[in-house]
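Below is one structure, written out as structure tokens; comments come after it.
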Amino acid sequence: MKHSIAYLAQYIALNTILDTLQAVGQPLSYGKVAGLIGLQARSSTFFEMLGDTMDEDHAAKRPLRCSFVVRHKSGRPGPAYFERASNLGYVIPDPDRFHDRQLAQTP
């Protein structure tokens, strides 16, 4: 799939943010992360990018860096995160525990 230069620039910025959040061990809300790359939190482009990072991390056998992007109120990712992880083959009997394990892993 071809993407615009703007998309690629935002995607690179998102990856940098995810690397930073993982390095410092600090989650950040969807709204804040999306805003940092110039998107709205509910943007389909933003969620496409987060999904793409999950695919790449899984393929590279890395922890899912997008685990550090969470809902402001709950401090947890939304349902699409767990659905995508399940589609990638992760077994998730307890979503909170799965999320905690992803947060605790280091590359």
Margin query: For the range 1-35, which positions are touching a Leu at 6+ places or on another chain (Cβ under 8 Å), farther than 17 Å from Glu56 by Cβ and either of a type in the set (Phe, Trp, Tyr) or surrounded by 14 or more Cβ atoms within 10 Å (Cβ to Cβ) (or both)?
Written below: Pro27, Leu28
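For (1) of a type outside the set (Lys, Arg); (2) exposed (fewer than 13 other Cβ atoms within 10 Å of the Cβ), each residue gets a yes or a no:
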position	(1), (2)
Leu39	yes, no
Ser43	yes, no
His58	yes, no
Arg76	no, no
Pro79	yes, yes
Arg84	no, no
Val91	yes, yes
Asp96	yes, yes
Arg101	no, no
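Values in this text are rule-based calculations from the coordinates and carry no lab data. Everything numeric here is computed off the predicted structure, so don't read it as measured data. Neighbour counts are summed over all protein chains in view; Cβ atoms, including those assigned to glycine, are modelled from backbone coordinates with ideal geometry.
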